[in-house]
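A short worksheet on the structure shown next.
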Amino acid sequence: MDFLTFEKIAKNTQPEEGIFARFYDRTVKTGRIDKQGFPVFENVCFCEIRLKDNNSEVFDQPATEEKKKRFPAEYARYLLAKKQAEKGTPLEQFAFLTASEIESLKIRGIFTVEALAELDVQKAEDLGVARERALAVKFTEQAASNTALAGWQEKEEKYKSKIKKLEEQLKSLKKNRACREGE
């Protein structure tokens, strides 16, 4: 699911009056034990439902197909967040955004710095996130430069390792030669 698909679902879905739903992953103990004797955990999709003006009552349970169909925009947002997280840097790790800006972006279906940077300039202006997009573009450009630097460092380490091996071979050859000449 991409941003445009999410946007279509969000526009064509009428939220239930006074009901707020959120899908998220929760780590749950499975009851199984691994080879080392430790408990096994897995991520389970949960649905949290809150009622307007009633903060004390929260319905929080594993997501069912019925809940996914009942809250399609919220479930689409959850799926989009998971997909973006696989390929990018979570917004929470982007130091240039405040908590409120992060939540505002998530409501718009943007969950990673890379997704924010990839937004079309006009779309970012329409969504009111042009400044945030500009910061994300600078960040991703800098990260790309750092990736190139890391590549050079990796090559340098390989060369150093190769030089060390060649020096050891040379030392061994010289030692063997000295032994032969001494015979």
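Throughout, read-outs are computed from the coordinates displayed, never taken from laboratory work. Owing to the predicted nature of the structure, the values given are computational and were not obtained by experimental measurement. Neighbour counts are summed over all protein chains in view; Cβ atoms, including those assigned to glycine, are modelled from backbone coordinates with ideal geometry.
Tabulated data for the structure shown
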| quantity | calculated |
| --- | --- |
| ILE110, ILE33, ILE102 arranged by Cβ crowding within 10 Å, fewest neighbours leading | ILE33, ILE102, ILE110 |
| Alpha carbon centroid spacing (whole Å) that separates the range 26-46 from the range 65-144 | 30 |
| Ascending count of other beta-carbon atoms within 10 Å, so fewest first, for LEU51, LEU170 | LEU170, LEU51 |
| Mean separation of Cα contacts under 8 Å, 6 or more apart, over the residue count of the chain: relative contact order % | 16 |
| Farthest positive-ward along the range 90-183 dipole, Cα basis, beta-carbon charges - from LEU173, ILE107, PHE94 | LEU173 |
| Cα-only radius of gyration and Dmax that characterise the range 52-114, units Å | 14.0, 38 |
| Zero-based 5 Å bins, Cα pair distances in the chain, whole percents | 1, 7, 10, 12, 12, 10, 10, 8, 6, 5, 4, 3, 3, 3, 2, 2, 1, 1, 0, 0 |
| Local electrostatic count at GLN61 - Lys and Arg +1, Asp and Glu -1, tallied over other residues with Cβ under 9 Å | -1 |
| About the Cα centre, charge dipole magnitude for the range 49-183 (Lys/Arg +1, Asp/Glu -1 at Cβ), debye | 820 |
